[in-house]
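Here the structure is laid out as structure tokens; the discussion comes afterwards.
The values are calculated or read from the model by the stated rules, or taken from the named source; none is laboratory data. Just so we're clear, the structure is a prediction, and the values are computed from it rather than from any experiment. Quick reminder, even Gly has a Cβ in these numbers, built from the backbone with ideal geometry, and neighbours come from all protein chains shown. To get the accessible areas, we keep the full protein, side chains included, count just its heavy atoms, and leave off ligands, DNA and RNA. Shrake-Rupley method; radii C 1.70, N 1.55, O 1.52, S 1.80 Å.
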Amino acid sequence: MKYYIIAGEASGDLHGSNLVKQLRQLDTSADIRSWGGDLMEAAGAHVVKHYKELAFMGFVEVVMNLRTILRNIDICKKDIAAYQPDVLVLVDYPGFNMRIAEWGKQQGYKIVYYISPQVWAWKENRVKKLKQSVDKMLCILPFEKAFYHKWNYEVEYVGHPLVEVIKAAKEQPADAPLSDKPVIAVLPGSRKQEVSVKLPIMLTMAKHFPEYQFIVAQAPSLDDHFLEGLTGQHPNVSMVKGQTYNLLRQAKAALVTSGTATLETALFGVPEVVCYKGNPISYFFAKHLIKVKYISLVNLVMDKLVVKELIQHDLTEENLLKELTALLKDDAARSRVMKDYAELWHKLGEKDASRRAAEVIYEYAIS
């Protein structure tokens, strides 16, 4: 079979690569053409365009690069039409992929969407378009199935692909210790403007816990000079690059910005405080547009407050000190979190997501 897979971000490249591996096991003569990255290429896909040419984050950046984005969509359509795949597989990346889905459906291609857009958080009415243009929606969060059911759209929950990634990482031999002190991981995110606001508050904890080493996970988008300007005044703060999972394996607790990192931290079994502070105007609009009870995936999946969220005005030195102290010193608090983490792993890890997704895609391609 001929498969055309579109992933437009680093996470999509990771999950897309595991999907490619599983497809090639099921269909040994699979011909896979894709938009993705190095991992998908290494797994055996022919990558037409690298995601680094596609990743435009934020409203202003999207507007400034609109011409490039529209040109890329046009290039993608022409390439799909020339390739004539048996199935078109879209991995997350909704701004781009929802347009391709609509066009692809009109052209008569079989459309599978793997890793649902987060339409449950905002712009719910996008479900109508997805229902019209996507033949099979494969979800990775357990509550998404019930959400789509409300819209009379039956989808399939395949499990979360991060589970298999982290399970494999845990099985690797332990790396050398990052410090001779016990470690607290600091995951401040990748957007410079937000990091410059959040990280100084997160690092106020260093003076309160001098017996710990605070290690900042440096995102590729953040340069050394920028981060050193924020971390340099703290004697027990250091940085690592490209070692986030190694850091989480060694951490006693973590301060984590919202996003996938909150879920990764939980799956590694590290008690965490979720920290978020952004531009006041952006936050005002986000609060009124986004309709979710929590900002961390851990709490959303569990549908209760498992990890404390300190958002905007609540992210203060005093509040952070209280929460981090509880995670480090209060055995009952740690025990509660670990019990909930075990349930989270069970909820997300009942299925091998990449294998199940590949089976659905392969069966649909040959039908």
Legend entry - Cβ pairs under 7 Å, 6+ apart, first in segment 260-279 and touching a residue at least 40 places away in the same chain (Cβ under 8 Å) and farther than 19 Å from Met205 by Cα, second open to solvent by 20 Å² or more (accessible area, probe 1.4 Å) and of a type in the set (Phe, Trp, Tyr): Leu267/Trp345
Legend entry - All positions within segment 100-112 that are open to solvent by less than 20 Å² (accessible area, probe 1.4 Å) and either of a type in the set (A, V, I, L, M, F, W, C) or in contact with a Phe, Trp or Tyr (Cβ under 8 Å, 6 or more places away or on another chain) (or both): Ile100, Ala101, Ile111, Val112
Inset, instruction - Could you tell me which residue of segment 220-252 is most open to solvent (accessible area, probe 1.4 Å), considering only residues that are farther than 18 Å from Ile166 by Cβ and of a type in the set (Gly, Ala, Ser)? - result: Ser221
Inset, instruction - Restrict the check to segment 85-99 and report whether at least one residue is exposed (fewer than 13 other Cβ atoms within 10 Å of the Cβ) and either on the phi > 0 side of the Ramachandran plot or modelled with pLDDT under 75 (or both). - result: no
Inset, instruction - Inspect segment 164-171 for any residue being among the aliphatic types (A, V, I, L, M), in a loop (DSSP other than H, G, I, E, B) and free of Cβ contacts under 8 Å to residues at least 60 places away in the same chain and give the result as yes or no. - result: no
Inset, instruction - Determine, yes or no, whether Ser34 is among the hydroxyl-bearing types (Ser, Thr, Tyr), within 29 Å of Gly242 (Cα to Cα), at pLDDT 95 or above and under 22 Å from the mean Cα position of the chain (by Cα). - result: yes
Legend entry - Members of segment 340-367 found to be without any contact (Cβ under 8 Å) to a residue 12 or more places away in the chain and not in a helix (DSSP H, G or I), listed by number: Ser367
Legend entry - segment 264-290, residues that are in a helix (DSSP H, G or I) and at pLDDT 95 or above: Glu264, Thr265, Ala266, Leu267
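Per-residue answers, yes or no, for (1) over 15 Å from Lys277 (Cβ atoms); (2) modelled with pLDDT of 95 or more; (3) surrounded by 16 or more Cβ atoms within 10 Å (Cβ to Cβ):
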residue	(1), (2), (3)
His313	no, no, no
Glu317	no, yes, no
Ala326	yes, yes, yes
Asp330	yes, yes, no
Val337	yes, yes, yes
Inset, instruction - Among the residues of segment 183-205, write down those that are in contact (Cβ under 8 Å) with a residue 40 or more places away in the chain and open to solvent by 50 Å² or more (accessible area, probe 1.4 Å). - result: Arg191, Gln193, Val197
Legend entry - Hey, Leu321 within 21 Å of Ala251 (Cβ to Cβ), open to solvent by 20 Å² or more (accessible area, probe 1.4 Å) and touching a helix residue (DSSP H, G or I) at 6+ places or on another chain (Cβ under 6 Å) or not: yes
Inset, instruction - Considering only residues that are more than 19 Å from Val360 (Cα to Cα) and of a type in the set (Lys, Arg), look in segment 113-158 and name the one that is surrounded by the fewest Cβ atoms within 10 Å (Cβ to Cβ). - result: Lys150
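If you scan segment 15-33, which residues turn out to be assigned to a helix (DSSP H, G or I), in contact (Cβ under 8 Å) with a residue 60 or more places away in the chain and either touching a Cys at 6+ places or on another chain (Cβ under 6 Å) or of a type outside the set (Gly, Ala, Ser) (or both)?
Selection gives His15, Asn18, Leu19, Lys21, Gln22, Leu23, Gln25, Leu26.
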Inset, instruction - Collect the residues in segment 16-40 that are farther than 20 Å from Ile115 by Cα and open to solvent by 80 Å² or more (accessible area, probe 1.4 Å), keeping them in residue-number order. - result: Gln25, Thr28, Ser29
